[in-house]
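Trainee: Take a look at this one; I'll ask things after.
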Amino acid sequence: MEAKGAIYEAIPAIMAEVGAIGKDRKNTQQGYNFRGIDDVYAALQGLLAKHKVFTVPEVLEDRMEERQSRSGGALIYRILKIRYQVCASDGSSVTAVVLGEGMDSGDKGSNKAMSVAHKYLFLQLFAIPTDDPKDPENESHDIEPKHTAKGGQAEATVARVFADRMKVCPTCGEPKVMPSKYGKGWYCLACKGKFAEDHPGVMNAATPAPSDDDAPTSDKGLF
């Protein structure tokens, strides 16, 4: 079926005119360069107006998590799934679904998530290049298991997963010591204590029998 409508001519026309957008902004906390939403708007706004193209967002899903900053403050983490309709003046359009993530200590988490989603919609829809030769495929990360989350049910779930390796804590006496960092050391869910991999108090402690009473009734509160 042949695609018809002005939108199918406008998108390639914009791609032909927009140039590379360099990663000229710097995240000083995490030490990486990025292209900001204002950089993308500055490069595209005139071309969108010239070719009479606009976007209409629709939030399909909204997920919220509460995180803790290094200083102990509360952070609100929002993940939005947004459908964008990219329209032309004759009524023709294409749709794209994008995920956006944002974190803020106040009420700006959703705003940031929407900005990120809109930015990546444009970057991918118009295949906008960057002058940065670094490719995401070259990056790798060592991820530590998420030991705790909001609510006691999350701890119960972790305890069930590591039931055959849980130990009695030598500090608080609770049977909630589990392997930390993929087995490199130990971590107590009760008192938050950390112990070396060969800690005698942990190594010589008994492994408690798993109890069905610890099983969560639902996954509510895990995220």
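The values are calculated or read from the model by the stated rules, or taken from the named source; none is laboratory data. Source: prediction; values computed, not measured. Don't worry about glycine lacking a Cβ; one is built from the backbone with ideal geometry, like all the others, and counts go over all protein chains shown.
Trainee: Can you tell me which residue in region 39-75 is nearest to the chain's Cα centre (by Cα), limited to those that are under 18 Å from LYS112 (Cα atoms) and hydroxyl-bearing (Ser, Thr, Tyr)?
Mentor: SER69
Trainee: Looking at region 25-33, is at least one residue modelled with pLDDT of 85 or more and in contact with a strand residue (DSSP E or B) (Cβ under 9 Å, 6 or more places away or on another chain)?
Mentor: No, every residue in region 25-33 fails to be modelled with pLDDT of 85 or more and in contact with a strand residue (DSSP E or B) (Cβ under 9 Å, 6 or more places away or on another chain).
Trainee: Of these, GLY36, GLY22, which one is under 20 Å from the mean Cα position of the chain (by Cα), surrounded by fewer than 16 Cβ atoms within 10 Å (Cβ to Cβ) and either at pLDDT 90 or above or within 20 Å of SER115 (Cα to Cα) (or both)? Talk me through it step by step, then tell me what you get.
Mentor: Values: GLY22 fails: under 20 Å from the mean Cα position of the chain (by Cα).
Within the list GLY36, GLY22, the selection yields GLY36.
Trainee: Among the residues of region 52-97, what is the count of those that are β-branched (Val, Ile, Thr) and either in contact with a Phe, Trp or Tyr (Cβ under 6 Å, 6 or more places away or on another chain) or outside the structural domain of TYR120 (by TED's automatic domain parsing) (or both)? Spell out how you get there, then give the answer.
Mentor: We begin by selecting, within region 52-97, every residue β-branched (Val, Ile, Thr); these are 53, 55-56, 59, 76, 79, 82, 86, 94-95, 97.
Okay, now just the ones that are also either in contact with a Phe, Trp or Tyr (Cβ under 6 Å, 6 or more places away or on another chain) or outside the structural domain of TYR120 (by TED's automatic domain parsing) (or both), so 55.
Qualifying residue count for the region: 1.
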